[in-house]
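Structure first, commentary second.
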Amino acid sequence: MIRSYSDFQLRKHNTFGIDTTAKYYFEFTETEDLAGFLAVNKDLHNWPVLILGEGSNMLFVNNFNGLVIHPNIPGIRITHEDRNHVWLEVGSGVVWDDLVEYAVSMGLGGIENLSLIPGKVGAAAVQNIGAYGMEIQYRIVSVTGIDLLTQTEYAIDAADCLFTYRDSIFKNQLKDRFVITATTFKLDKFPEYMLHYADLESEVGKLGEINLRNIRQTVIRIRESKLPDPKVIGNAGSFFKNPVIESSKAEELLNHYPNLPHYPATDEKTKLAAGWMIEQCGWKGFRRGDAGVHTKQALVLVNYGNATGKEIFELSEEIRQSVNEKFGVNLEREVNVIG
Ligand code: FAD
Ligand code: EPU
């Protein structure tokens, strides 16, 4: 199935709920459709391209004057299994949390801590989604897609995806060039639970037995208690990454701010909690017009209704500046700003 439009309304296609349009929009459900569409529409080859999933990590500050490609390939397929593992090839159009639910219901471990992250499977590899002590890079075997430059389809092994915290080759060298069509994951038949993040273990324990279903339920409950539901209040999750800085610099900061939450990142680097720093700058719950900072999580910027992308972007820049002035730390955006 293909759908193609011009001057396409994107308000329902970005979780910030920004009222914006795309010059051209193309959605497809089978890999061959994209090559066919590009062969027929040669005039589109020179337009800027934006690959769009559910738009849950996007901020549109202008209309997009180019071609939006929305891969919506369905399907979860077991391709291989051995005594301990199952390999799943999953279409990029599958809703991420439907995959987590599928895995949990099959008793397969490895992605349960990533419950309720919005978006599609296609985007999961792009920013190496992570939560509650787990990152998807450890479960990805390979990522398949169509390279718009060479018009060929190929798979990239996980080791070549250059995954790091909220980053990958798809956000850099292959940005807006490699249209992910499917991702292969390796999950465990005999799961080892990862419960070291904050008080996850004790929270799961309250449900009785520690198992995949109870971990999923607990993660969902914790997330619902602090993150705004995009169906109710527009947002794109954490607006900034948690900064990773030299441990020596982190120690200096901790001398001044001993309560600043921090975690070892590598041998020489430390990750700081950006939400804490933004809160300390007085932004938590701030609102100007319809643009604001979430009342329960200062790392999340929100659209209460009719904020423009520009208003949210400007607010984010003020926040970034004040964190820099107070802590001397530069916040890097996690959200993709378009336009
Ligand atoms: P989009 O926002 O549409 O796109 C994101 C990026 O991926 C863009 O660069 C886009 O060009 C690219 N892309 C999308 N699909 C493809 C494809 N098929 N091929 C190539 N490139 C593609 N993220 C976390 O990591 N952890 C969290 O805990 C988390 N919590 C969130 C909570 C809320 C309430 C919200 C709104 C967001 C949260 N996010 C979180 C961010 C977001 O859910 C993820 O980044 C998600 O993977 C984005 O999926 P999407 O389909 O909406 O992608
Ligand atoms: N904190 C505050 N004030 C705030 C927000 C947070 O003091 O307003 C403190 C918390 O008390 C805690 C620490 O900061 O001590 C960390 O907070 P939290 O556990 O809520 O997580 P986070 O670091 O703010 C990250 C991810 C989230 C992910 C959670 C859970 C990033 C940029 N964000 O948030 O991912 O769900 O951990 O693992 O790494 C996303 O990427 O969109 C996202 C939501």
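The values are calculated or read from the model by the stated rules, or taken from the named source; none is laboratory data. Note that the structure is a prediction, hence the values are computed from the model and not measured. Ideal geometry is used to build each Cβ from the backbone, glycine not excepted, and the neighbour counts take in all protein chains shown.
Within this structure, V232 fails the test of being touching a Gly at 6+ places or on another chain (Cβ under 8 Å) and β-branched (V, I, T). I'd like to check something: does segment 115-125 contain any residue that is within 19 Å of the chain's Cα centre (by Cα) and more than 29 Å from T21 (Cβ to Cβ)? Yes, segment 115-125 has at least one match.
Quick check on segment 66-110: of everything there that is of a type in the set (S, T, N, Q) and more than 16 Å from ligand 1 (Cβ to nearest atom), which residue is nearest to E334 (Cα to Cα)? This residue is S105. Each residue in segment 52-76 was checked for being farther than 19 Å from F16 by Cα, in contact with a Ser or Thr (Cβ under 7 Å, 6 or more places away or on another chain) and assigned to a loop (DSSP other than H, G, I, E, B), and 3 pass.
Looking only at segment 190-238, residues that are within 18 Å of the chain's Cα centre (by Cα) and part of a loop (DSSP other than H, G, I, E, B) come to 6 in all.
The rows are residues; the columns are (1) of a type in the set (S, T, N, Q); (2) in contact with a Phe, Trp or Tyr (Cβ under 8 Å, 6 or more places away or on another chain).
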residue: S168; (1), (2): yes, no
residue: V179; (1), (2): no, no
residue: T183; (1), (2): yes, no
residue: K189; (1), (2): no, no
residue: M194; (1), (2): no, yes
residue: Y197; (1), (2): no, yes
residue: L207; (1), (2): no, no
residue: I210; (1), (2): no, yes
residue: R213; (1), (2): no, no
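For segment 64-80, a residue qualifies if it is under 18 Å from Y25 (Cβ atoms) and surrounded by 16 or more Cβ atoms within 10 Å (Cβ to Cβ), and the qualifying residues are F64, G66, L67, V68, I69, H70, P71, N72, I73. Would you check if there is a residue in segment 120-131 being surrounded by fewer than 21 Cβ atoms within 10 Å (Cβ to Cβ) and touching a helix residue (DSSP H, G or I) at 6+ places or on another chain (Cβ under 9 Å)? Yes; the residues of segment 120-131 include at least one that is surrounded by fewer than 21 Cβ atoms within 10 Å (Cβ to Cβ) and touching a helix residue (DSSP H, G or I) at 6+ places or on another chain (Cβ under 9 Å). Every listed requirement among (1) farther than 30 Å from Q321 by Cβ; (2) surrounded by 15 or more Cβ atoms within 10 Å (Cβ to Cβ); (3) assigned by TED's automatic domain parsing to the domain that holds G309 is met by T218 save one, (3). All of L187, L174, L162 fail the test of being outside the structural domain of E30 (by TED's automatic domain parsing), surrounded by 15 or more Cβ atoms within 10 Å (Cβ to Cβ), part of a strand (DSSP E or B) and modelled with pLDDT of 95 or more, apart from L187. Checking the structure you have, find out if any residue of segment 55-64 is assigned by TED's automatic domain parsing to the domain that holds L10, within 28 Å of Y193 (Cβ to Cβ) and within 17 Å of the chain's Cα centre (by Cα). Yes, some residue in segment 55-64 is assigned by TED's automatic domain parsing to the domain that holds L10, within 28 Å of Y193 (Cβ to Cβ) and within 17 Å of the chain's Cα centre (by Cα).
Of the set (1) touching a Leu at 6+ places or on another chain (Cβ under 8 Å); (2) of a type outside the set (G, A, S); (3) without any contact (Cβ under 8 Å) to a residue 40 or more places away in the chain, all apply to D176 but (3).
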